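The next block holds one structure in the form of structure tokens; read it before the comments.
No value in this document is a laboratory result; all are computed from the given coordinates. Bear in mind the structure is a predicted one, so any value in this text is a computation, not a measurement. In this analysis, Cβ positions are derived from the backbone assuming ideal geometry, glycine residues included, and neighbour counts consider all displayed protein chains.
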């Protein structure tokens with residue numbers, strides 16, 4: 001299964017494609033979509049839509065995972081991030097119905113490092129350990145890798161719970177991964 005992780009941003013958006021086969025995870029590719037920051041934000045939205053659409057069509061993932069909205073000090077920055085996510089999601093909702101997921105940054109860190117307030121360097125060490133050492137162009141790119149890997153780990157944990165006969169209804173899922181991970185749409 002091909003998992004596309006996306007760390008949305010209005011100037012740069014990180015992306016990563018990982019392959020999950022049984023209990024193994026393979027790094028396929030990752031990168032950063034860069035948008036013209038000389039344009040005003042509203043003018044950039046068309047570029048964000050087109051570049052993200054081109055990427056999705058090129059990679060043809062089976063599932064897509066995004067970082068959920070995070071609290072930022074600036075309401076303007078939060079609104080831009082929300083609009084950017086909306087534009088990217090608009091490329092996904094029809095083709096990937098029930099195959100779009102999101103995770104909070106704290107949950108991604110918790111899965112990778114063991115606690116939700118880990119620093120970027122700790123997450124990078126985890127990625128290197130799991131997928132081999134790589135140099136990522138930006139934190140957006142490494143965050144996208146972590147988001148995709150988090151989804152694979154969380155989905156694997158849920159499958160193990162199902163095999164063990166545990167209930168997975170929304171009310172009785174239990175555990176941090178189940179309470180913070182959810183489908184979009």
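Could you give the nm distance between label points at residue 119 and residue 77, where each point is 7 Å from its Cα heading toward the beta carbon?
Placing both labels 7 Å along Cα→Cβ, they lie 1.9 nm apart.
Most exposed first by the Cβ proxy, i.e. fewest other Cβ within 10 Å, how do 149, 89 rank?
Working: 149 26, 89 19.
The most exposed by this proxy come first: 89, 149.
Using the beta-carbon distance between residue 40 and residue 93 and R0 = 30 Å, what value does 1/(1 + (r/R0)^6) give for FRET efficiency, to the nearest 0.05? Before the final figure, lay out each step's value.
Numbers: r = 26 Å, r/R0 = 0.87.
Given R0 = 30 Å and the Cβ-Cβ separation, E is 0.70.
Can you give the Rg/Rh ratio of region 10-58, where Rg is from the C-alpha atoms and Rh is the Kirkwood radius? The partial results should precede the final answer.
Details: Rg = 14.0 Å, Rh = 12.3 Å.
When Rh is taken as the Kirkwood radius, the ratio is 1.14.
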